[in-house]
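K.L.:
Here you go, one structure.
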Amino acid sequence: MSAVRVLDEWTAPAGLPAVSVDCRGTGGFSVEKTFYCGQTFRFLRDPGNPDRVTGSVRMGKGLPEARLTVDGSGLDPETGEGTLVLEGIAAETFRDRFADYFDLGTDYGEGERIILSAMPDERSRGEMAEALRCGRGIRILRQDPWETLVTFILSQNNNIPRIRLIVSRLCAACGNRFPEPEDLVRLGKDGLYALGCGFRAKYLADAAEKVLSGDVDFSRIRTAPDYGDAAGELTAIYGVGPKVAACVLLFGFHRTDAFPVDVWMKKALARKFPEGFDPAPLGEWAGYAQQCLFFAERER
């Protein structure tokens, strides 16, 4: 990953540190698309500015969470090039953690070229080009694996506003921070059900127990050379199937060869690629292609 240039650092009116970051040469960044494409559920849009969101990021077990505002008002709406402003973190924290979190060292423009070159014919290339144009600016966030596992268990048969609501309730029940595995065990299935988790309560309880016992080991998942081995570790959790496992691998472990397929994606693929679609030739850009296809289908 190449270094991303911090343009300026200052203190915002609320007394919080703030930085501006040069996003030129990264292949584009869209705050609205990145935070509202369904990969993260703890950021809320500013009602007066869709390019400005505020939320929390889990920094790791036992560490204070980061609370930040991401403002993309200085980014070109077509290309995603320009200046990104972050309030709530200093330049050192950006360089140490958030340049990586936003995946700003990766050139998504080069990724688009690789994806298009892997398409087997002119028709499929045209369909994919339109999806990439529609989704341009989406970044695959490098999120905390535990937070991603919990939120995508909650995503099953659910919609984004309700997922956000349940996550908010869980955080409120745990001292306004994201729940640790120990918190979910303490709450138990009944407590989780009372917070609105529904049938997913038993899945969350099992995930917490397996992570605490070591039956599910994030370090093994992170270092697994084979996608099937990494996914198999996650699907050992009650209620976690291939789609949720693919989402957790993509968004929580940055396993960008993951290609989650749900009902929406099945419909989109059948409509755009009636001859069939194989994500394998896309390699490490399969996940980004999936996000663009998913976003384009939602927009349609």
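K.L.:
Given R₀ = 51 Å, FRET efficiency for Ala270-Thr11 by Cβ-Cβ distance, to 0.05? Intermediate values should be presented prior to the final figure.
P.N.:
Working: r = 52 Å, r/R0 = 1.03.
Computed FRET efficiency for Ala270 and Thr11: 0.45.
K.L.:
Further question on the same structure: List the aspartates and glutamates whose alpha-carbon lies under 14 Å from that of Lys210, not counting same-chain residues fewer than 8 positions away?
P.N.:
Glu180, Glu182, Asp183, Glu233
K.L.:
Please identify which residues in the range 128-144 have an amide N closer than 20 Å to a label point set 7 Å out from the Cα of Arg113, following the Cα→Cβ vector.
P.N.:
Backbone N within reach: 128-140.
K.L.:
Over the range 228-300, calculate the relative contact order: mean separation of alpha carbon pairs under 8 Å at least 6 apart, over the residue count, as a percent. Please report the intermediate quantities before stating the final value.
P.N.:
Values: 64 pairs, mean separation 19.4, N = 73.
Relative contact order, the range 228-300: 27 percent.
K.L.:
So what is the relative contact order of the chain, in percent, for Cα pairs below 8 Å that sit 6 or more residues apart? Provide the component values of the computation, followed by the final result.
P.N.:
Details: 483 pairs, mean separation 54.0, N = 300.
It comes to 18 percent, rounded to a whole number.
K.L.:
Trypsin sites (Lys or Arg not before Pro), restricted to the range 95-134: which are DSSP loop and have at most 16 other Cβ atoms within 10 Å? All intermediate terms of the calculation are to be shown ahead of the outcome.
P.N.:
On the way: sites: Arg95, Arg97, Arg113, Arg123, Arg125, Arg133; in loops: none.
When the trypsin sites (Lys or Arg not before Pro) of the range 95-134 are filtered for loop state and at most 16 Cβ neighbours within 10 Å, nothing remains.
K.L.:
Related question: Pick out, from Ala296, Ile237, Leu187, the residue whose Cα sits farthest towards the positive end of the charge dipole of the chain, with +1 on the Cβ of Lys and Arg and -1 on the Cβ of Asp and Glu.
P.N.:
Leu187
K.L.:
As a test of the formula, what do you get for the chain when each DSSP H run with n ≥ 4 contributes -39,500 (n - 2.57) and the sum is divided by the residue count, at 222 nm and rounded to the nearest 500 deg cm²/dmol?
P.N.:
Helix contribution divided over all residues of the chain: -13000 deg cm²/dmol.
K.L.:
Roughly how big is the range 6-106's charge dipole about its Cα centre, with Cβ charges of +1 (Lys, Arg) and -1 (Asp, Glu), in debye to the nearest 20? Kindly include the intermediate steps, with their values, before the conclusion.
P.N.:
On the way: 10 positive and 16 negative charges, 103 e Å.
Result for the range 6-106 is approximately 500 debye, rounded to the nearest 20.
K.L.:
If you don't mind, another one. For the range 62-106, what relative contact order do you get, as a whole percent, if you take Cα pairs closer than 8 Å and at least 6 residues apart?
P.N.:
Numbers: 31 pairs, mean separation 13.8, N = 45.
Over the range 62-106, the number comes to 31 percent.
K.L.:
Holding the Cα-Cα limit at 32 Å, pick out from Lys189/Lys272; Lys202/Lys266; Lys33/Lys243 the pairs that are longer than that. Write out the running numbers ahead of the final one.
P.N.:
Details: Lys189/Lys272 41 Å; Lys202/Lys266 27 Å; Lys33/Lys243 21 Å.
The pairs that break the limit, which is 32 Å between Cα atoms, are Lys189/Lys272.
K.L.:
Round to a whole angstrom and tell me the spacing of the C-alpha centers of the range 136-154 and the range 91-125.
P.N.:
16 Å
K.L.:
Using +1 at the C-beta of Lys and Arg and -1 at the C-beta of Asp and Glu, which of Phe43, Leu116, Tyr101 has the Cα lying farthest in the positive direction of the dipole of the chain?
P.N.:
The residue sitting most towards the positive pole is Phe43.
K.L.:
Give a quick list of GluC sites (Glu not before Pro) in the range 209-300 that DSSP marks as loop, anything other than H, G, I, E or B, with at most 12 other Cβ atoms within 10 Å.
P.N.:
On the way: sites: Glu209, Glu233, Glu275, Glu284, Glu297, Glu299; in loops: Glu275.
Answer in residue order: Glu275.
K.L.:
Explain nothing, just the number: dipole magnitude of the chain about its Cα centre with +1 on each Lys and Arg Cβ and -1 on each Asp and Glu Cβ, in debye rounded to the nearest 20.
P.N.:
On the way: 37 positive and 43 negative charges, 192 e Å.
Roughly 920 debye, rounded to the nearest 20.
K.L.:
How many angstrom lie between the C-alpha centres of the range 201-225 and the range 265-300?
P.N.:
Measuring centre to centre over Cα atoms gives 29 Å.
K.L.:
Something else: Please enumerate, by chain and number, the aspartates and glutamates with C-alpha under 20 Å from the C-alpha of Lys267, excluding those fewer than 8 residues away in the same chain.
P.N.:
Leaving aside aspartates and glutamates fewer than 8 places away in the same chain, those within reach of Lys267 are Glu127, Glu130, Glu275, Asp278, Glu297, Glu299.
The numbers here are math on the coordinates, done by the rules we state, and not lab data. Source: prediction; values computed, not measured. In this analysis, Cβ positions are derived from the backbone assuming ideal geometry, glycine residues included, and neighbour counts consider all displayed protein chains.
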